[in-house]
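The structure appears right after this line, and notes come after that.
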Amino acid sequence: MTPRSSSPAVLGVSLPALAALTTVVLWASAFVGIRALGDSFSPGSMAFLRLLAAVIPLTVIVLVVRLRRRSPRGVHDGPAPTCFPRGRASGLVMAYGVAWFAGYTILLNWAEQHLDAGTASLLVNLAPILVAIAAGLFLGEGFPRHLVIGMTIAFAGVVLIAAGGSATADAHADWLGVLLGIAAAVLYATGVLIQKSALRTVDALTATWLGALAGLVATLPFAPAAISELADADASAIAAVIYLGVGPTAIAFSTWAYALARTDAGAMAATTLVVPAIVIAMSWALLDELPTGVGIVGGVLCIGGVAIARRLLPPRTRRARPETRPAQTAPEPRVPEGSPTAT
């Protein structure tokens, strides 16, 4: 609660909320852009060019921000800025960069050669459930009944997506595309969890910049193919891949990291549930693509399963119950220490 109340606001809306909204819209546009560029660039080449287009402006922004933050008047919340994180923090940033910026991007690019943009976004948004599963395995939150129910519903949705195919002739939504989409979701969830740990000691901008840099290094093997494909691409394709680097990567990951550093990972992951609806509307308007009716039903089941799993995992509420029982059973409500715990 404290971070929310102390966060700056614009027109009554907190900056973390505005940052999350910016991220959601830009990430939604990325699904459409990736689908549109599938004929111009291969998955690895597109990832390399996108990260190259992201690292350049991020480097400039980092340099400018660091110069401004040298002033004693600079006030900021969150971790203090560091030139380069050291030790465990450095390893976390590099790991999340390779997993999310490189691995996730390549798999998503590949998946969208088999899936329409809307279907791909529906599959990727299984990530919040995977975050909840990881929390149950490694953070001691367990596997309550509602998480199991949500997982079951979401899995049924994946089956329907794969069985429903696509309304677009060249996006046949085969099992390879579905598996690639799920694998991308796994790397997405992994990136969120690792990044959340890194942001405890590394500021959001540094984490985003170094993460993108790590992803760029990981995709260097695709550089020769990227140069060759870039020479054959038209101006609109080049502009689109630059947009993917500047908008959905440099800007969106920075705003995501800013918001993630000021809220919990589960809540932030849940905000991305609105992405598929935006993607489907954009791809319909710009690409004339839609999932089939069965695929949309499957997507609704996926999102519903994720919502059930995330909404009904309130660890604070579970811990609060034992504290309220002694206050209710105490015969004398006048006990001093009982008063604070009641509120």
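Every number here is computed from the coordinates shown, using simple stated rules; none is lab data. Just so we're clear, the structure is a prediction, and the values are computed from it rather than from any experiment. Here the Cβ positions follow ideal geometry from the backbone for every residue, glycine too, while neighbour counts run over all protein chains shown.
Some points to look at:
- Once both labels are positioned 7 Å from their Cα atoms along Cα-to-Cβ, the gap between residue 197 and residue 156 label points is 3.5 nm.
- Neighbour-count order for 262, 200, fewest beta carbons within 10 angstrom listed first: 200, 262
- Contour excess over end-to-end distance, with Cα ends at residue 15 and residue 217 and 0.36 nm allotted per residue: 69.6 nm
- In this label model, residue 274 and residue 149 are separated by 2.6 nm, measuring between points 7 Å along each Cα→Cβ vector.
- Sequence of 145, 66, 35, 88 once ranked by neighbouring C-beta atoms within 10 Å, starting from the fewest: 145, 88, 66, 35
- Spin-label model distance (nm) - residue 297 vs residue 59, 7 Å beyond Cα toward Cβ: 5.2 nm
- Charge sum, other residues only, whose C-beta stays under 15 Å from residue 124's C-beta, Lys/Arg counted +1 and Asp/Glu -1: -1
- Taking all pairs of distinct alpha-carbon atoms in the range 199-256, Kirkwood radius in angstrom: 12.9 Å
- Extension gain, residue 225 to residue 288, is 19.7 nm, computed as 0.36 nm per intervening residue step minus the present C-alpha separation.
- Table column - 3J(HN,Hα) (Hz), the range 32-47, Karplus curve with 6.51, -1.76, 1.60, x for Gly and Pro: 5, x, 4, 4, 5, 8, x, 7, 9, 9, 6, x, x, 5, 4, 5
- Restriction of the chymotrypsin sites (Phe, Trp or Tyr not before Pro) in the range 30-62 to DSSP coil positions whose beta-carbon has at most 15 other beta-carbons within 10 angstrom yields no sites.
- The order of 308, 106, going from fewest to most other C-beta atoms within 10 Å of their C-beta, is 308, 106.
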